[in-house]
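Here is the structure we will look at, set down as structure tokens.
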Amino acid sequence: MSGFLGPLDADGRVPPQQQTRVAAFLISAHGALARQYALVLPLRIEAAWQTELNAQFYRESEIVSLLQRATAWVPDLALGYMAASWEAAWFAAPVEGIADTARAPAVGLATLAHAVHAGIRPAALLPTEASAADPFVMALRRIEFESSRLLQAQILFLKGPDLVPSRNAVSAALEKRHAEVRKLWREMLASIGIDARE
Amino acid sequence: MPFLNHGSYRVRYELDGPADAPAYVLVNGLTQYSELWAAYRDALLARNFRVATFDLLGQGVSDKPALFINQDDHVAVLHRLIGELGEGPVFLSGISFGGLIALRYAIEHGQRLSGLVPMSCFAELSPQLMLIGNALRTGLILGGTGYLQDLLLPMNLSDKWLKPLLDKLDSVKRQGWLVNDVYALQNLMESFLDFQPLTARLSSISLPTMILNGEFDFLTPRALHETLRVEIPNSALVIIPEAYHAFTLEKGALTADLLARFAEDVLAGRWQGNKAVLVAPDEPGGEITPFPAGYDHLRAIPVRRAGP
């Protein structure tokens, strides 16, 4: 097993089978985040911090749109089963140890977003020979870069003063989410012959 | 690949050399990983030392706590690793962020060490260092690990080292980019947000201590190392000629030789710190000379030192 996508074709493109499965996973994860942000985004923004919700919603949607258009899709019979397990994993998870029931769902969403943005590095799968002119290669680089920017909102919220009293609960929920997301990501990569590092 | 446990986290380490040999433990800087000490491992093994390296929590193959990394955790991990080394002599060295961890270890567990070598190090955040640190963190946040590397490479390495690599910088940066995650680097950098200066505690370090500082290090300039020299009783400051902050990468053979000579001197009872200011040779094995008498080692231009 390799740690990188490939073998690439003569033009430095990732095999379509690998493109399909990686893109499907990323669309599932970022699509779930987009849906969850859409649910909490108010029609009228009343507080300054809600502008970030708007940004997160549209950036997640942009990632989904980009992958839909930049991927060389091929039929993949295993995707139906795999996508069902991914979608089940993105459901809001109860966060134990946070007394404020109004705040707990926001913590749950932030932990999922942190795990996706921090724990999944699609550009790190690209071998050095990957063609910079290939749209899928460019999409993976763009998603990883954008994820590190989006992540800042989750870091600010989860490390913020409002959650200091719940720091241990937040950390535990976040580590759990990271482990879940990393496991799914590694399993998906293993299914296309890639041994992702821990 | 062996791992230590720290709570629920795993810390990857590497230990080479005979179990009864004096040991060197090397602590990474912020964006480093254990493999970068490979040349030191070879050089020190050849000089009959045992060598331990590891990835800090949040680095390389070690686990990366998702939200918080406390500097106390690094000291605890280091204590755990040194506990693996048995009862023989242990020399501890670290660079930059790793030097700070080594200093803290020496303050808290100095009785377990035979010698200390802080490199490109500091005991407090001067206004310049704090502001540069904040700017580097912002660079990481806005531009990712690659941009942080772009800032650090020209800041910490010489033209002589960089020039032949200018068209290969992407490959130079790639391994560091692959093993370092933005959130983990950010957590490491943010562990400074509640940093308490160590200066007042340095005098409790009674160990033989060799402080290494690059001649042209402007990230942690001479004045920050001077604090260590003045406060640590049995210390000497050794200036590495024509070196920048990351001289351990650029001048590995020379630095490994200095580390070995220091430990050999300590073990033979020859080391005398005397808070001396010394100049390292250009090449391994060369003579270590006193800084010219009467001149101020804190200045870049040759200014005669003011009288007492």
With B:G286 itself left out, Lys, Arg at +1 and Asp, Glu at -1 over residues whose Cβ is under 11 Å from its Cβ give -3
Per residue, the convex hull enclosing the alpha carbons of region B:170-227 has a volume in Å³ of 159 Å³
Bridge orientation stat for chain B from DSSP, antiparallel percent rounded to 5, came to 30 percent
Residues meeting the amide H criterion for B:R50 (H placed from the backbone, H to H distance under 5 Å, 5 or more places apart or on another chain) are B:A23, B:Y24
The ratio Rg/Rh over the Cα atoms of region A:16-190, Rh being the Kirkwood inverse mean 1/r radius, stands at 0.98
The helix A:16-40 Cα axis meets the longest alpha-carbon principal axis of chain A at an angle in degrees, between 0 and 90 and rounded to 10, of 20 degrees
Toy charge model, Lys and Arg Cβ at +1, Asp and Glu Cβ at -1: region B:165-205 dipole around Cα centroid in debye, rounded to 20, equals 160 debye
Of the convex hull drawn through the C-alpha atoms of the protein assembly as shown, the volume per residue in Å³ is 171 Å³
Out of B:L103, B:L162, B:L212 - ranked by how far each Cα lies towards the positive end of the dipole of the protein assembly as shown, with unit charges on the beta-carbon of charged residues - the top one is B:L103
Note on chain A: contact order normalised by length, alpha-carbon pairs under 8 Å, 6 or more apart, percent, works out to 32 percent
Magnitude of the Cβ-charge dipole (Lys and Arg +1, Asp and Glu -1) of region A:16-190 about the Cα centre, nearest 20 debye, reported as 140 debye
Ordered by fewest other Cβ atoms within 10 Å, a rough proxy for footprinting exposure, A:S65, B:S62 read A:S65, B:S62
Region A:1-108: relative contact order from alpha carbon pairs under 8 Å, six or more residues apart, as a whole percent, is 30 percent
Long-range share for region A:49-137, i.e. C-alpha pairs more than 17 Å apart as a percent of all pairs, stands at 68 percent
Which of A:K176/B:K173; A:K176/B:K168; A:K183/B:K173; B:K64/B:K173; B:K173/B:K251 exceed 29 Å between C-alpha atoms? The answer is A:K176/B:K173; A:K176/B:K168
Residue-normalised 222 nm signal for chain A, counting each DSSP H run of n ≥ 4 as -39,500 (n - 2.57), nearest 500 deg cm²/dmol, is -21000 deg cm²/dmol
Log entry: pair-distance distribution for chain B, C-alpha pairs binned every 20 Å from zero, whole % per bin is 34, 61, 5
Toy charge model, Lys and Arg Cβ at +1, Asp and Glu Cβ at -1: the protein assembly as shown dipole around Cα centroid in debye, rounded to 20, equals 480 debye
Residue-normalised 222 nm signal for chain B, counting each DSSP H run of n ≥ 4 as -39,500 (n - 2.57), nearest 500 deg cm²/dmol, is -12000 deg cm²/dmol
Hydrodynamic radius by Kirkwood for region B:127-245, inverse mean 1/r across distinct Cα pairs, in Å, is 16.3 Å
The ³J(HN,Hα) series, computed from each phi in region B:131-144 with the Karplus coefficients 6.51, -1.76 and 1.60 at θ = phi - 60°, rounded to the nearest Hz and given as x for glycine or proline, is 5, 5, x, 4, 5, 5, 5, 4, x, 4, 5, 7, x, x
Note on region B:1-108: the mean projected area of its alpha-carbon convex hull, in nm², is 6.4 nm²
When B:L188, A:L156 are ranked with the fewest other C-beta atoms within 10 Å first, the list becomes A:L156, B:L188
When B:W161, A:W185, A:W73 are arranged by how many other beta-carbons sit within 10 Å of their Cβ, fewest first, they go A:W73, B:W161, A:W185
Rounded to the nearest 10, the angle in degrees between the Cα long axis of helix A:167-190 and the longest principal axis of the Cα atoms of chain A comes to 20 degrees
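None of the figures in this text is laboratory data; all of them are computed from the coordinates on show. Keep in mind it's a predicted model, so treat the numbers as computed, not measured. Here Cβ is always computed from backbone atoms with ideal geometry, including for glycine, and neighbour counts include all displayed protein chains.
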